[in-house]
1. Quick check on packing: order 265-278, 236-249 by the mean number of other C-beta atoms within 10 Å, highest mean leading.
2. Pulled fully out, how much extra length does the chain show between SER298 and ARG166, if you take 0.36 nm times their separation in residues and subtract their Cα-Cα distance?
3. Computed FRET efficiency, Cβ-Cβ of ARG228 and ARG347, R0 22 Å: what is it to the nearest 0.05?
4. If a paramagnetic tag sat 7 Å from the Cα of PHE308 along the Cα-Cβ line, which residues of region 208-229 would have the backbone N under 11 Å from that point?
5. Rounded if a/c is under 1.5, else prolate if a/b beats b/c, else oblate: with a ≥ b ≥ c from the C-alpha gyration tensor eigenvalues square-rooted, which is region 239-333?
6. Just list whichever of LYS142/LYS275; LYS142/LYS286; LYS114/LYS320; LYS142/LYS172; LYS190/LYS320 have alpha carbons separated by over 26 Å in the model shown.
7. What is the extension gain from GLU11 to GLN106, computed as 0.36 nm multiplied by their sequence separation minus the C-alpha to C-alpha distance, in nm to one decimal?
8. Could you look at region 94-226 and say what percent of its accessible area is carbon and sulfur, using a 1.4 Å probe and all protein chains?
Amino acid sequence: MDKGGSSIPDEEWERFLREAEAGSPGAPEEPSARARMVAQRLRDEPGPPRGWRTHEPPRRRAGKARYVVGLLVVVALLFVALDPGRVTGWLGFDDGGGSTAAASGQPSLDDPFKGSPAEHWAAGTAGITMPSARATGWMSEKQVSEALDSSLAFLSDSSLDPAVLRGERPVKAIAALNPKQADVQEYLAKAFDAPDRENPLTLFSRFDPSYARLAGDVIKTRGGITYREGESGAVEVTADVTFVYPVVRAAGDSDEVARTIARREIVMSWDDPAKVLIEPGTFSLKSYRVDSANGGCSNTTGYFRPEFAKERGPSDDGTKVDPYERGTSMDERMRDRDASDCGTATRT
């Protein structure tokens, strides 16, 4: 074919016609009206389009935060209404109505163990754990059971009896001691009439009725009794018990409560009468010692003499002791302390 002085082969011309009829794959196409609308909408949206399975969590509303704050305010007001004394104690205020102790978390006549671990201890002999009885040494299982009961009764008669705590002589407790044990009888004869460093407080709890009296009739305890076979087949019973005594001044109408804490370890030997000189139904004392707090350092009166807040002087430089702590044995607690070191209680 000749056009304008140039010729195009027939094969190329036919290919051109075919492609023009079918449309060139590389040629741009004019977008349709719908395509232009979709493109414009996509340009107007701030982010990528949401998929049809996409979940969008609901937005938090500011109203919920206000609701939580309001609920906390209501709970706080309710707490103040139910226990205003504790709140004023936290803030360091006194309500002016004589309830300073209650407001500051200190013990009171209504709650003499408040602020101490003893608040959660058992009362009386209920706080003393007892082992099960088994035949040991010269004793049958029944005899061991009776010895354990008698040992518990001695603790009650010596450290919990109301009359003894008022300063009376512990007649029942003394009757349980072997009257033929000379050194103990000598100690008892002197301890009550002419007490010195070896005074009744090693074995018995007593308060001078002219100085202090119990604040109520509850004494808290924690400790236990164990036993093993001792010398010559004896049944050796060991009691390790902490006693907590809340007291007030004997004179006047003071409502200030102080606490005296005494931890006693007593080893009682239930000896075989066939081998040891002993009165049947009694026991011999192998050892006995006490570690007390707020009972009067270097006290030789034969009575505990607790200090009250106004009488309490500065702490000395003695060994620091937590009287409520029971994880330390009496051997460890007393090891580095001589007779003149009363120790300084970290709390009472």
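1. Numbers: 265-278: 18.4, 236-249: 22.4.
In descending order of packing, they fall as 236-249, 265-278.
2. Values: separation 132, 0.36 × 132 = 47.52 nm, distance 2.08 nm.
Between SER298 and ARG166, full extension yields 45.4 nm more.
3. Numbers: r = 34 Å, r/R0 = 1.53.
So, using R0 = 22 Å, E works out to roughly 0.05.
4. Within reach of a label on PHE308, which here means backbone N under 11 Å from a point 7 Å along Cα→Cβ, region 208-229 contributes 211-213.
5. On the way: a/c = 2.94, a/b = 1.94, b/c = 1.52.
Because a/c hits 1.5 or more and a/b exceeds b/c, region 239-333 counts as prolate.
6. Working: LYS142/LYS275 20 Å; LYS142/LYS286 23 Å; LYS114/LYS320 22 Å; LYS142/LYS172 23 Å; LYS190/LYS320 31 Å.
Violating the 26 Å Cα-Cα cut-off are LYS190/LYS320.
7. Values: separation 95, 0.36 × 95 = 34.20 nm, distance 11.48 nm.
Extra length available between GLU11 and GLN106 comes to 22.7 nm.
8. Working: 3300 of 6510 Å².
It is 51 percent, rounded to a whole number.
The values are calculated or read from the model by the stated rules, or taken from the named source; none is laboratory data. Keep in mind that what you see is a predicted model, and the values were worked out from it rather than measured. Cβ atoms come from the backbone with ideal geometry, glycine included; neighbour counts cover every protein chain shown. Each accessible area value is taken on the protein alone, full model and side chains, heavy atoms only, with ligands, DNA and RNA left out. Shrake-Rupley method; radii C 1.70, N 1.55, O 1.52, S 1.80 Å.
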